[in-house]
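Asker: One structure coming up, written as structure tokens, with questions to follow.
The values are calculated or read from the model by the stated rules, or taken from the named source; none is laboratory data. The model shown is predicted, which means the values in this text are computed figures rather than measured ones. Glycine also receives a Cβ, built like all others from the backbone with ideal geometry; neighbour counts cover every protein chain displayed.
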Amino acid sequence: MLDEKELPIAPSSEKEKMNSVISRRKLLSSLGIAGAALASSGLIGGSLTKAYADPVANRTKIKDLMTMNLETSGLVATTIAELRSMSDPTADSIYYVKDVGQEGLFHYDPSDTTSVDNTGTLLVSASGKRFKRVIETACIDVKWFGAKGDGATDDSAAIQAANSYAASVHKTLSFPYGTFMGHGLTPSTSWYSCENAVIQSNAAVPLSTFNGNFVKVEGKSKLTFEGLTFDGSVTADPSSWNSGNYNAFSGSVGLFLLNSSEILIRNCFFQNSFFSTIRLTGCNAVNLENCTMRKARGNFGDAVYVETSHHVRFDRCLSEDYTRIGYVTEEGTHNVSFSQCYARNGHHGSLNYGGAESNSGYWSEMSESISFSQCVAENNEHRGFTCVSGPRAPKKTPVASFMLDSCLSIDNRDYAFVMLGWSTPISVACSGCYAQGSYMGFHLTGTNDRDTFHFTDCFAHLSFADDSKEYANFLINNEAAPTKTPGVTILNCGSILGDGNYSGLVATGSLSGDIVMYDGGKAVIIVDQFTNVNLPGQVVIKSLASSPTLRVRNCNVTVPVINDFTELLFDSCTFSTLSHVMGKSASQGTIRFKDCEVYGPVTLRTKGRIIVTDTTMKLSGDAVMNIIRGTSSKDILTEFHQCRFEKDIATSDYILSINESGALKPQSVFNNCIFYQTNDSATTTKSFIWLVNAGTTSLFAACYSDDTVTSLIKTGSVLSAPSGVALIDLH
């Protein structure tokens, strides 16, 4: 190995000789690859024309630089100040500037008499001599132009000068390690750091004032930002939050993109901002990859805010520690995708202090064609995911569509997922999503006949930790449009309603349940293969103030209350031993049971038809199916086809009660039904069917009754054995 010897570099005087000493190894290290290549090409020790004319074989090799006599090579170690005072440079000399952060090779260009000194790549001496930096890299170092990166010096002018030059020669602006203070920065070329450089705002911004002028990209395209931290210098958090200080911050937006396109942002941090850490307005084709956004403050403290933009992609990004929302899209934004993104630890939303802003992980409003894939929202005060159409949605498609695939909402206190059709029709497709630890799992509001909400393989595990709260896995509401019929499909979904007090689940006035409809509306709801793990397997369905069309298939169900409805269909369902109540005196819809099993008491109220087919009722004790009507009609409104009724009649009396109070009583039909006395004990005083009021009639065809119950019907208090029923031994 060569010794680390100190070499004199072409001194012009004894004093200069003492200041010009530099080691071979230090020199080559400071030159970098470009300088070493330049030296090996023959520029050191020869003229510029020779350097670029020599064939490769004739050029000095890098290993030769370690042993060459640099004293006669024409390389002069100097400083920027010395170059600016130099009056008699030579064209054959190469000047090595050794100012810290601005190191590099310069050559004298005698043909240039007009270029302006820019500190970084061109220096002009007092005598008008022009020295030009030798550049053989794709990057321009911001420190060449005088930026210090010491966290104290205002580097604004130096950064702007470096940016302008880099843009003029189509190169990337490079930031070495350090904290560069500045404001009013306007990138017009790509910015890059391989050493995690920090760019920090040093502007004094008034309270409660939006300021996007820290780093602002306006009207630009095809730029890349990589490896940088943008710090908005937001003021410190209060020791105790309240209505007087939740918005009392100053600071800057970390990066503001305005009317720009084809922007790539990779491996960057955006932090400590008043309003949003990064904001996009009027942009197109912007991609953020593996970026982190954190500590956004104020009433509109969003980690990410996107408006009037389209074709924006977030990939593997993290938002955390914000006082409003992790990721926002709104005001005409469309075609935005979030893939494997994370939004966590939102807190102190203004809603807590008299303001109107909720705290949420993701919030897309006045937007359409928004997709979330494998995204997570965790530990936000109010909501996990919010999707809203709105009157100012861009309307590029007939409906505003939102797609959520394999997304997780974890411990977001109030709502895990909120979907709202507002003015513009909405379409939501939610597949494989999971809600945990919220009061409400999936909250849907439809206000248009074309609104659709489709859920497949979704699951809700609600906390149920506070018995004073109401918990619902799917909460469906369209109060604002009570005559509209939005569509809801819930396929192969499930739930766990925690380990708390289950009294709220069966309470007829409580919102707690698996699928709950409230506050008006006529939604058309299809439920297929829903499982509540705790109950066991029962889906708790309620309708408190709506008139839904409800079609439930392949479920174990508990229906504590459906106050009103348009139509009810239960197909291949099992009704639990708990109480089931459907309809009210004013209800007019049709109720259908097909291929079901009923184990608990059921009360049905409607002026419409009741059709029960291929259904088995296995009741015990006082459990009864009650049919209550207040209508006046002679139509056949109640039908039982191929049904089986099982109960210990000798002990508890009838299994079916029909209570009709109108002047004209509808007729009931029983076709091919079986009535089975479970304990095989004879009774002459009790019956399977009680027709509560005189005038109610029933027709039987091809029916069979256990011969231990001699009277199938009791009308009022009169027992009878109707025709069309054969008494046989069923044991």
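Asker: Scan R609, R551, R605 and give me the residue that is in contact with a Leu (Cβ under 8 Å, 6 or more places away or on another chain) and within 30 Å of A480 (Cβ to Cβ).
Answerer: Residue meeting the stated conditions: R551.
Asker: OK, next. Please verify whether L207 is outside any loop (DSSP other than H, G, I, E, B) and of a type in the set (A, V, I, L, M), treating the condition exactly as stated.
Answerer: no
Asker: With respect to C430, is the statement that it is in contact with a strand residue (DSSP E or B) (Cβ under 7 Å, 6 or more places away or on another chain), of a type outside the set (K, R), within 27 Å of S319 (Cβ to Cβ) and assigned by the TED database to the domain that holds S360 true?
Answerer: Criteria met by C430.
Asker: Considering each residue of the range 441-483, count those that are surrounded by fewer than 24 Cβ atoms within 10 Å (Cβ to Cβ) and part of a loop (DSSP other than H, G, I, E, B), and give that number.
Answerer: 18
Residue by residue, here is whether (1) of a type in the set (S, T, Y); (2) at pLDDT 95 or above; (3) under 15 Å from the mean Cα position of the chain (by Cα) holds:
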position	(1), (2), (3)
Y342	yes, yes, yes
N345	no, yes, yes
G354	no, no, no
S358	yes, no, yes
E365	no, yes, yes
S371	yes, yes, yes
T386	yes, yes, yes
D405	no, yes, yes
L408	no, yes, yes
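Asker: If you don't mind, there's one more thing I want to ask. What are the residues in the range 588-602 that are in contact (Cβ under 8 Å) with a residue 40 or more places away in the chain and on the phi > 0 side of the Ramachandran plot, if any?
Answerer: If the condition is that a residue be in contact (Cβ under 8 Å) with a residue 40 or more places away in the chain and on the phi > 0 side of the Ramachandran plot, then no residue fits.
Asker: Out of the range 648-689, which residues are at pLDDT 95 or above, in contact with a Lys or Arg (Cβ under 6 Å, 6 or more places away or on another chain) and crowded, with 23+ Cβ neighbours inside 10 Å?
Answerer: Within the range 648-689, I655, S687 qualify.
Asker: Please specify each residue of the range 647-677 satisfying the condition of being in contact with a helix residue (DSSP H, G or I) (Cβ under 8 Å, 6 or more places away or on another chain) and not in a strand (DSSP E or B).
Answerer: I655
Asker: Only one residue in S276, S250 is free of Cβ contacts under 8 Å to residues at least 60 places away in the same chain, under 24 Å from H311 (Cα atoms), assigned by the TED database to the domain that holds H334 and not in a strand (DSSP E or B). Which one?
Answerer: S276
Asker: Quick check, is V516 under 16 Å from A545 (Cβ atoms) and either among the β-branched types (V, I, T) or without any contact (Cβ under 8 Å) to a residue 40 or more places away in the chain (or both)?
Answerer: So V516 passes the test.
Asker: Out of everything in the range 323-340 that is assigned to a strand (DSSP E or B) and under 15 Å from S273 (Cα atoms), what residue ends up being farthest from the chain's Cα centre (by Cα)?
Answerer: Among those that are assigned to a strand (DSSP E or B) and under 15 Å from S273 (Cα atoms), it is I325.
Asker: Let me ask something additional. Sort out which residues of the range 697-718 are of a type in the set (D, E) and surrounded by fewer than 19 Cβ atoms within 10 Å (Cβ to Cβ), and write them in order of number.
Answerer: Once the filter is applied, which keeps residues that are of a type in the set (D, E) and surrounded by fewer than 19 Cβ atoms within 10 Å (Cβ to Cβ), the range 697-718 yields only D707.
Asker: Still on this structure, please answer the following. Quick one: count up the residues across the range 323-336 that are surrounded by fewer than 24 Cβ atoms within 10 Å (Cβ to Cβ) and either more than 20 Å from L258 (Cβ to Cβ) or not assigned by the TED database to the domain that holds L404 (or both).
Answerer: 0
Asker: Could you tell me which residue of the range 563-577 is modelled with the lowest pLDDT, considering only residues that are among the acidic types (D, E) and farther than 11 Å from I525 by Cα?
Answerer: Across the range 563-577, the extreme among qualifying residues is D564.
Asker: Hey, any hits in the range 140-160 for a residue that's at negative phi, surrounded by 20 or more Cβ atoms within 10 Å (Cβ to Cβ) and basic (K, R)?
Answerer: So far as the range 140-160 goes, yes, one or more of its residues are at negative phi, surrounded by 20 or more Cβ atoms within 10 Å (Cβ to Cβ) and basic (K, R).
Asker: What strands (runs of 3 or more DSSP E) completely inside the range 516-588 contain at least 2 residues that are touching a strand residue (DSSP E or B) at 6+ places or on another chain (Cβ under 8 Å) and over 30 Å from S633 (Cβ atoms)?
Answerer: Answer list for the range 516-588: 524-528, 538-543, 556-562.
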